[in-house]
Amino acid sequence: MNLRQEAFFLPVAGGQRLCIWREPATGPICGRIVHIPAFAEEMNKCRPMTALVARRVAECGFGVLEIDLLGCGDSSGDFGGASWEDWIDDVVAAIEWSSQRGGAPLWLWGTRAGALLASAVTHRIAQVTSLLLWQPVLSGRTHLTQFLRLKLAAEIFADGATGGGTKALRAQLQQGAGMEIAGYRLSPELASGMDAAEFAVADTIAEVVWLEVTTATPPGVSPASQSIVDGLCARGKHVQAQAVQGPGFWQSVETEMAPALVEATVAAMASEGVHVHA
């Protein structure tokens, strides 16, 4: 196995973040990839897939850094104390650490809501960046609404009441009150940051690999995604957009894998690695 990996804690202001770095056992790396995880329980559902692909892509010549953001996984801090800006800062710190491993081209790998964070980070840093996106969330407001509905569902199950729907829950957050949802403490700061987040990347973006999973036959990228892909192409960006068949592993009750997504990712990144070396 052409792979070397290490786990470590990355020091940041006020704490530390658990990271896993993987790189080829021999030779220079052809690119640096910083993975930005999905939100809340989706992050845990995605871990087997992201770990597998991180190993596979590292064997193709990339250095891959996975980070647990503030309050997530084994990183310091509480989820309920995190803000959207805190998480952007964590990604920037991860990028800075990866730069110590050489000046290879930078990729941000955003899974689900991690794509929203990735797009925000492109406006924070000056360097040219490429994106690898898995089932990207395009609207933070929509994603937050879906998360709030989990609380409504729990309330209905408990006593049949909904308490005024997601509008009332948003009002509660806007008034400065956090809330417990599906085992996660959601802070007003994190909610407001996500609510305002929209997928929009800076002009410093170079390459984009956009991958989605669907059960449809034949598989196709969603219309909303295709609209953004077309916009990126109109801006002169090189975009590989593809949909593959597979389960929604980020939301399934049981742990599921999407082999077609694994192979599509490895193939796309292997071709990018060859392009870098050419």
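The values are calculated or read from the model by the stated rules, or taken from the named source; none is laboratory data. Since this is a predicted model, take the numbers as computed values, not measurements. Cβ sites come from the backbone with ideal geometry, for glycine too, and all protein chains shown count toward neighbours. These area figures cover heavy atoms from the full protein model, side chains too; ligands, DNA and RNA do not enter into them. Shrake-Rupley method; radii C 1.70, N 1.55, O 1.52, S 1.80 Å.
Yes or no: E189 open to solvent by 20 Å² or more (accessible area, probe 1.4 Å) and either free of Cβ contacts under 8 Å to residues at least 12 places away in the same chain or over 20 Å from G71 (Cβ atoms) (or both)? Full working, then the answer.
Numbers: open to solvent by 20 Å² or more (accessible area, probe 1.4 Å): yes; either free of Cβ contacts under 8 Å to residues at least 12 places away in the same chain or over 20 Å from G71 (Cβ atoms) (or both): no.
No: the conditions fail for E189.
Counting only residues that are without any contact (Cβ under 8 Å) to a residue 24 or more places away in the chain and closer than 21 Å to A224 by Cβ, which one in the range 102-147 is most open to solvent (accessible area, probe 1.4 Å)?
Q146
Quick one: in the range 211-226, which of the residues that are of a type in the set (A, V, I, L, M, F, W, C) and touching a Phe, Trp or Tyr at 6+ places or on another chain (Cβ under 9 Å) is farthest from A258 (Cα to Cα)?
Top of the filtered list is V221.
Which of the residues belonging to the range 1-52 are of a type in the set (A, V, I, L, M), closer than 17 Å to A82 by Cβ and not in a strand (DSSP E or B)?
A13, A38, A40, M43
Please find, within the range 227-256, the residue that is farthest from R47 (Cα to Cα) out of those that are open to solvent by 80 Å² or more (accessible area, probe 1.4 Å) and part of a loop (DSSP other than H, G, I, E, B).
R235
If you check E180 against the conditions, is it assigned to a helix (DSSP H, G or I) and either over 19 Å from W250 (Cβ atoms) or open to solvent by 20 Å² or more (accessible area, probe 1.4 Å) (or both)? Explain how you work it out, then say what you get.
On the way: assigned to a helix (DSSP H, G or I): no; either over 19 Å from W250 (Cβ atoms) or open to solvent by 20 Å² or more (accessible area, probe 1.4 Å) (or both): yes.
The answer is no for E180.
Which of the residues spanning the range 207-226 are out of contact with any Leu (no Cβ under 9 Å at 6 or more places or on another chain) and not in a loop (DSSP other than H, G, I, E, B)?
T214, P223, Q226
Please name all residue pairs, on different chains or six or more residues apart, with Cβ atoms under 6 Å, provided the first residue is in the range 247-268 and is without any contact (Cβ under 8 Å) to a residue 40 or more places away in the chain and the second residue is part of a helix (DSSP H, G or I).
none
For the range 197-214, give me each residue that is in contact (Cβ under 8 Å) with a residue 60 or more places away in the chain and either of a type in the set (F, W, Y) or open to solvent by 20 Å² or more (accessible area, probe 1.4 Å) (or both). If you could, list the steps in order and put the result at the bottom.
Looking only at the range 197-214, we keep the residues that are in contact (Cβ under 8 Å) with a residue 60 or more places away in the chain, and these are 197-202, 204-213.
The answer is E198, F199, A200, T204, A206, E207, W210.
Does I67 satisfy the criteria of being of a type outside the set (F, W, Y), closer than 13 Å to G114 by Cα and open to solvent by less than 10 Å² (accessible area, probe 1.4 Å)?
yes
Out of the residues in the range 1-47 that are among the polar types (S, T, N, Q) and without any contact (Cβ under 8 Å) to a residue 60 or more places away in the chain, state the one that is nearest to I181 (Cα to Cα).
Kept after step one, since they are among the polar types (S, T, N, Q), are these residues of the range 1-47: 2, 5, 16, 26, 44.
Within this subset, residues satisfying the condition of being without any contact (Cβ under 8 Å) to a residue 60 or more places away in the chain are 2, 5, 26, 44.
Values: N2: 42, Q5: 34, T26: 45, N44: 15 Å.
The extreme case among them is N44.
So which residues in the range 16-54 are open to solvent by 10 Å² or more (accessible area, probe 1.4 Å) and on the phi > 0 side of the Ramachandran plot?
Residue satisfying the conditions is G27 alone.
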